[in-house]
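The values are calculated or read from the model by the stated rules, or taken from the named source; none is laboratory data. In this text, all values refer to a predicted model and were calculated from it rather than measured experimentally. FYI the Cβ positions are ideal-geometry reconstructions off the backbone, even for glycines, and counts take in every protein chain you see. Surface accessibility is based on the protein's heavy atoms, side chains included, excluding ligands, DNA and RNA. Shrake-Rupley method; radii C 1.70, N 1.55, O 1.52, S 1.80 Å.
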Amino acid sequence: MNPIDLINKAKYILIATHENPDTDTLCCAIAIGSMLETQNTKYKIFNKATKINNKYKIFDNYNKITNVLPNFYDLTIFVDCASLSRVGVKLNMKTNIINIDHHESNDNFGLVNIVNSNAVSCGLVVYKFFIDNNININKNMAGALYLSIYDDSKAFSKYSCDDNIYDVINSLTKLGAKPNELSLNFLQNNKLSKYRLYAKILNSLKLHNEGKIASIHIKQKWLNQTQADIGCCDDIPYEILKINIVFVVLFIKELTNGDTKVSIRAKAGIDITTIGKFFGGGGHKSSVSIKFKDSSIKSIKKLVLNKFEELHIVYKQI
Ligand SMILES: [Mn+2]
């Protein structure tokens with residue numbers, strides 16, 4: 001099945017992004033939305049969140065992002081979602097589905113699956129989709145793809161960045177992405193509340209296994225105290241990984257519904273996929289996320305640390 005045919009014959013398209021959105025999922029959706037706009041196709045970008053960071057206002061079609069599902073849509077394009085459930089709500093599954101992603105754990109849930117687990121960002125997969133199908137990339141699309149690649153590659157610092165990424169970035173800047181403008185409007189535009197929360201998270205830092213594993217956490221009450229959003233410090237595990245003795249970081253978050261999420265990040269060369277799989281989570285080789293139906297940070301931390309010990313992940317791989 002050709003994805004372009006599916007897009008052309010659709011009357012209303014829903015672009016679905018994942019829960020607790022990051023820049024990759026939102027910017028991929030913005031880029032695809034821009035493409036639909038140029039061909040006058042009706043669409044909305046769905047995200048479960050009630051509030052989307054207004055940094056994304058720099059994109060023309062920011063107002064297409066909504067947490068209200070349209071009454072009718074006949075095609076759903078998922079971006080940066082390893083599974084249907086990543087969206088966080090039940091969507092109309094009677095539509096055709098195009099699944100565009102880069103997660104190793106993607107279960108190919110679409111009618112069409114455009115999945116490349118070697119890509120450091122879903123933005124790279126979307127870029128290739130545009131190029132392969134001779135889709136014109138305008139300034140809005142180029143800027144969005146630039147940011148999605150910049151953010152998911154952690155500023156081109158991840159081990160999985162290959163030299164192709166620089167060719168793509170070069171081409172995106174030629175197509176109108178302006179790194180300096182984007183950096184001023186997007187990267188240097190954080191709220192003060194982020195740093196209030198950052199300080200609390202840094203204070204929670206504990207080292208385990210002679211410092212090879214570090215853990216940090218967020219408590220719900222800190223979000224109230226600082227008025228910060230839960231996702232605004234998602235870059236902090238990468239900061240902790242910069243500590244020379246640390247190889248793995250556990251970032252434990254109390255969620256509003258009483259569940260707990262553990263995001264695990266590892267230095268290049270350490271494969272933590274087995275930990276993710278064991279606890280029913282998903283992700284990539286060096287980054288997995290797991291949800292627990294339990295709100296005790298202490299007991300969950302112990303559970304995960306014991307599993308690391310049992311599987312000898314850190315010791316065997318260093
Ligand atoms: Mn991604």
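For this structure, a couple of remarks:
- Scanning region 56-82 for residues that are closer than 24 Å to S183 by Cβ, in a loop (DSSP other than H, G, I, E, B) and open to solvent by 30 Å² or more (accessible area, probe 1.4 Å) yields a single hit, D60.
- Checking each residue in region 12-55 for being within 16 Å of the ligand (Cβ to nearest atom), over 17 Å from Y146 (Cα atoms) and outside any loop (DSSP other than H, G, I, E, B) picks out I15, A16, I45.
- Within region 118-159, the residues that satisfy the criterion of being of a type in the set (S, T, Y), away from the ligand (no atom under 11 Å from the Cβ) and either at pLDDT below 95 or not in a helix (DSSP H, G or I) (or both) are S157, Y159.
- Of the strands (runs of 3 or more DSSP E) lying entirely inside region 248-313, the ones with 3 or more residues being closer than 27 Å to L84 by Cα and open to solvent by less than 10 Å² (accessible area, probe 1.4 Å) are found at 248-254, 260-266.
- Matching residues in region 205-225 - criterion: being surrounded by 15 or more Cβ atoms within 10 Å (Cβ to Cβ) and either among the charged types (D, E, K, R) or within 22 Å of D259 (Cα to Cα) (or both): L205, K212, A214, S215, I216, H217, I218, K219, W222, L223
- Among residues of region 79-95 that are without any contact (Cβ under 8 Å) to a residue 12 or more places away in the chain and not assigned by TED's automatic domain parsing to the domain that holds K261, those with a Cβ under 8 angstrom from a residue that is outside any loop (DSSP other than H, G, I, E, B) and aliphatic (A, V, I, L, M), sequence gap 6+ or separate chain, pair up as M93/L84.
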